[in-house]
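Report on the following structure.
Only the coordinates and a few stated rules stand behind these numbers; no lab work does. The structure displayed is predicted, hence computed values, not measured ones. All Cβ positions, glycine included, derive from the backbone under ideal geometry; neighbour counts span all protein chains shown.
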Amino acid sequence: MPDRTKHLLGLLLGTEEDWPRAFETLVARLGPVRDPAGTEHALATERITVEPFDLRAKPRYDLVIDRLAYWYYVPREWLKKVALMDDVYLLNSPFTFQSMEKHAAYCAMMRLGLKVPPTWLVPYKNPVDHAKYAYTAAKYNEPFDLDAVAAEVGYPLFMKPYDGGAWRGVSRITDPAALHKAYDSSGEMLMHLQASVEGYDSFARSLTIGPETMVMRFQPEKPMHERYAVQHGFLSPDAGSEVVSISRLINAFFRWEFNSCESLVVGEEVYPIDYANACPDISITSLHYYFPWAIGALLKWSVFCAVTGRRARLDLDTRNYFEVADSQLDYDAKLAEYRKLADEYFDTAAYHEFCATSLPNVDNMVRDWVSSPDFDALLVDTVRTTYPPAEHDRFVAHFRGLIGLWIQEG
């Protein structure tokens, strides 16, 4: 029988270096962790390599944090194998990657009654590279009036790829000339047209890891190092609670446990506009002030899942959500029921009890490490690999200041 008190946490990585180093360091510093029965558990990390694999081979990992398989199919298929055959716990589920393509995510949240702006999908501008396309298009593709679709959506609107990613191909469109220019440039990208939410008061980006959520003021028009404003209380209590509920609902629905959500807030109204980001940016140079919270939350949720033997649920249980959506409850009452379903999925009460009893010193450990020369060396290394040499001093000082503010306010 395998030893159930030793847990290997696998990191499936692309180009990232900063948060993996932070995560590895904190796991190494963690020491033994007692489960609710008092048994000690040991945890370690390992970076996963990509290589041929036997479908019947037994993996050594209890949990894998995946940051690669959304675009690299070999590790994606390995993840499916270890989830289906070996009960390896995954952040995130490879079975809902299709939903990372914004279209399915929009449809699901519209079905649940969220205030997603009017959205249409339009065909490719250029033919796809497929031998059967010309015949199929000639026989079945209906001609369509792009201007009529845009008029139905309403100006101003956004044209954006259905599969998204780092603001690729996103255009704000205010008139037919700009509409056709953007569409002509879209090539083989499949595009949505989505109504703009004008005059919003706040752009909120919420990062959710397990049952924990950080809501941040986002400034998309600014350079990456300034997009997350350090501003507390920028939403009213009701709007802030709604953003949290929507974020956790989306994650529980799709079995994502490491995802970010973007919402526009007008007064007390919350309009989710992008919430299929199941490989969210958590770089030091992006999150800065919020980075220690993110790495601490990722550590605690990963340890909770591994030590308690949390089992992945590959089925989505959509009917539970749709029954709420189809009920006579008003919007606020439905959101409260969705929050209950999300808390049930994330074992929220058990998680917080585990953190209080089995991980009582983690927050202080994170703070001590972030205050150390070791963390500062990681910060400097990240700046040096991210920015040109002439900007190193400027950005080291910039990020040291923001991290120092987090330490001071804690």
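Straight Cα distances below 30 angstrom link residue 300 to the lysines 6, 58, 80, 81, 102, 334, 340, with same-chain residues fewer than 8 positions distant left out.
So for 260, 202, 327, fewest C-beta neighbours within 10 Å to most, what's the order?
Fewest to most other Cβ atoms nearby, the residues stand as 327, 202, 260.
For the chain, the longest principal axis of the alpha carbon atoms and the long axis of helix 331-346 meet at an angle near 40°. The reciprocal of the average 1/r between distinct C-alpha atoms defines the Kirkwood hydrodynamic radius, which for segment 223-321 equals 15.5 Å.
Take each peptide in 379-387, 205-213, 64-72, count the other Cβ atoms within 10 Å of every residue, and average; sorted highest first, the result is 205-213, 64-72, 379-387. Under 5 Å between amide hydrogens, built in the peptide plane, is the criterion, and for residue 210 it picks out 258 among residues at least 5 positions away or on other chains. Can you give the angle from 0 to 90° between the axis of helix 73-86 and the longest principal axis of the chain, with both taken from C-alpha atoms, to the nearest 10? Roughly 60 degrees, rounded to the nearest 10. Three principal axis extents of segment 1-142 based on alpha-carbon atoms, in descending order, are 65, 41, 31 Å. Restriction of the GluC sites (Glu not before Pro) in segment 1-74 to DSSP coil positions whose beta-carbon has at most 16 other beta-carbons within 10 angstrom yields 16, 17.
The order of the peptides 233-239, 292-298 by mean Cβ neighbours within 10 Å, most packed first, is 292-298, 233-239. In degrees from 0 to 90, rounded to the nearest 10, what is the angle of the helix 348-358 Cα long axis to the longest principal axis of the chain? With both axes taken from Cα atoms, the answer is about 30 degrees. Taking the number of Cβ atoms within 10 Å of each Cβ as an exposure proxy, the fewest-first ranking of 54, 347, 175 is 54, 175, 347.
Across segment 24-37, computed HN-Hα scalar couplings (Karplus, 6.51 cos²θ - 1.76 cosθ + 1.60, θ = phi - 60°) run 4, 4, 5, 4, 5, 7, 5, x, x, 10, 8, 7, x, 8 Hz from first to last residue, x flagging Gly and Pro.
Tell me the Kirkwood hydrodynamic radius of segment 10-88 in angstroms, computed as one over the mean inverse distance between distinct C-alpha pairs. Working shown, then result.
Details: mean 1/r = 0.0711 Å⁻¹.
With all distinct Cα pairs of segment 10-88 included, I get 14.1 Å.
Packing, as the average of other Cβ atoms within 10 Å across residues, places the peptides 278-288, 73-83 in the order 278-288, 73-83, highest first. When the Cα positions of 308, 79, 352 are compared along the charge dipole of the chain, 79 comes out farthest toward the positive end, with charges on each C-beta of Lys, Arg, Asp and Glu. Computed over all pairs of different Cα atoms, the Kirkwood value for the hydrodynamic radius of segment 85-170 is 16.1 Å. Translational diffusion of the chain, estimated by Stokes-Einstein from the Kirkwood radius over alpha carbon pairs at 20 °C in a medium of 1.002 mPa s, is 93 µm² per second. A straight Cα-to-Cα reach below 13 Å connects residue 125 with the aspartates and glutamates 145, 184, 188, residues fewer than 8 places away in its own chain not being considered.
Projected onto planes of every orientation and averaged, the convex hull of the alpha-carbon atoms in segment 273-392 covers 10.9 nm². Look at the alpha carbon pairs under 8 Å that are at least 6 residues apart: their mean separation over the length of segment 6-97 gives a relative contact order of 34 percent. As a proxy for reagent exposure, 268, 337, 51, 242 were ordered by neighbouring Cβ count within 10 angstrom, fewest first; the result is 51, 268, 337, 242.
Beta bridges per DSSP, both residues in segment 1-118: antiparallel share near 15 percent. With just the Cα atoms defining each centre, how far is segment 136-171 from segment 11-66? Give it in Å. A separation of 42 Å, based on Cα centres.
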